[in-house]
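Engineer: Below you'll find the structure I mean.
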Amino acid sequence: MSEAITQPFGKLPIEWSYQPVVDNAEFLTGPAFDSTKFNTDGIGSRLVRGINLTKGTTRWSEDKTKYWAEVSSDLERYVLAEGDVLIGMDGSLVGQNYAHLKQSDLPALLVQRVARLRSKQTFDPSFLFNIFATDSWLTYVELVKTNSGIPHISNGDIKQFLIPFPPLPEQQKIAAILTSMDNVIESTQAQINKLQDLKTGMMQELLTKGI
């Protein structure tokens, strides 16, 4: 792992500190599942694979969603929870595919080559999630990722990423502001999508029937 970036976010307020991710969040990667036992009938738990993560959210289109019928005792530790932060560890967009699990994503299981970060009590999960949307994280990934074959980052690369650590009340205030902005963006995007659908319908009418 590269040691080139020691302070990826630059200078911090005096009451803040830099700490490795692993000091503030429980780190886990998933096991390999037998693909012959996947089902697409919605039976059991969703399997969160790298393909199910995109920039800041999950994606569950029919062609990308697989299920695992039963959670045996050896799989219980891989059961995911609301608030878990997931990071895809492979692919051309390595480091850019991450998500913050919502209740609507569950029940779900962690799969191989996806990292799960579960915030400890001293760390706000929404604050942690937003760290992986920063240019500082992407710059770090560019330095540490492998460049031969399929690009990937290792467990250690993620665990040792240095993150800003403000006092918990300040984390929560920052996270609340950023979450509010995300909500506005989501609402605005929904309106844009509706207008695009309306325009498409109008084009069909106007270009085939006139005014």
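The values are calculated or read from the model by the stated rules, or taken from the named source; none is laboratory data. Nothing here was measured: the structure is a model prediction, and the numbers come from that model. No Cβ is skipped: glycine too gets one built from the backbone with ideal geometry, and neighbour counts run over all protein chains shown. For the accessible areas, the whole protein counts, side chains as well, though only heavy atoms, and no ligand, DNA or RNA atoms are used. Shrake-Rupley method; radii C 1.70, N 1.55, O 1.52, S 1.80 Å.
Engineer: Might you work out the accessible area of R46 for me, using a 1.4 Å probe with all protein chains in place, and round it to the nearest 10 Å²?
Structural biologist: Surface accessible to solvent at R46 totals approximately 50 Å².
Engineer: Moving on. With no solvent and one point per C-alpha, what does the Debye sum give as log10 I(q)/I(0) for the chain at q = 0.16, 0.17 Å⁻¹?
Structural biologist: -1.11, -1.21
Engineer: Then there's this: What value, in deg cm²/dmol to 500, does the helix sum -39500 (n - 2.57) over DSSP H runs of n ≥ 4 give at 222 nm once divided by the residues of the chain?
Structural biologist: Only helices count here, giving -10000 deg cm²/dmol.
Engineer: Cβ under 15 Å from G149's Cβ, G149 left aside: what net charge do those residues give with Lys, Arg +1 and Asp, Glu -1? Intermediate results must be reported in sequence, preceding the final value.
Structural biologist: Working: positive: R113, K145; negative: D90.
Net charge in that neighbourhood comes out at +1.
Engineer: Probe 1.4 Å, all protein chains in place: accessible area of D74 in Å², nearest 10?
Structural biologist: Per-residue accessible area (D74): approximately 100 Å².
Engineer: Determine the share of the chain's accessible area contributed by carbon and sulfur atoms, expressed in whole percent, with a 1.4 angstrom probe. Numbers along the way, then the final one.
Structural biologist: Details: 6500 of 12150 Å².
Heavy-atom surface of the chain belonging to carbon and sulfur, 1.4 Å probe: 53 percent.
Engineer: Quick one: length gained pulling K11 to W60 fully straight, 0.36 nm per residue minus the C-alpha distance?
Structural biologist: 13.7 nm
Engineer: Same structure, new question: Mean shadow of the stretch 102-211, computed from the convex hull of its alpha carbons, in nm²?
Structural biologist: Working: hull surface 47.8 nm².
Result: 12.0 nm².
Engineer: Once you have the Cα-Cα distance between E170 and R77, take 0.36 nm times their residue separation minus that, and quote the gain in nm to one decimal.
Structural biologist: 30.4 nm
Engineer: Report the extension gain between E70 and A190 in nm, rounded to one decimal, defined as 0.36 nm multiplied by the number of residues separating them, less their alpha carbon distance. Show your work: numbers first, answer last.
Structural biologist: Working: separation 120, 0.36 × 120 = 43.20 nm, distance 3.55 nm.
My answer for the length gained is 39.6 nm.
Engineer: Given a 1.4 Å probe, how much area per residue of the chain is accessible, in Å²?
Structural biologist: Working: 12150 Å² over 211 residues.
It amounts to 58 Å² per residue over the chain.
Engineer: Could you compute how much accessible surface I43 exposes when probed at 1.4 Å, giving the result in Å² to the nearest 10?
Structural biologist: Solvent-accessible area, nearest 10 Å²: 90 Å².
Engineer: Here is a further query. Given a Förster distance of 45 angstrom, what is the FRET efficiency for D41 paired with T179, based on the Cβ-Cβ distance and rounded to 0.05?
Structural biologist: On the way: r = 34 Å, r/R0 = 0.76.
After rounding to 0.05, the efficiency reads 0.85.
Engineer: Using each residue's phi in the stretch 168-174, evaluate 6.51 cos²θ - 1.76 cosθ + 1.60 at θ = phi - 60° and report the 3J(HN,Hα) Karplus result to the nearest Hz, with x for Gly and Pro.
Structural biologist: So the Karplus estimates, Gly and Pro as x, are 3, x, 6, 3, 5, 5, 4 Hz.
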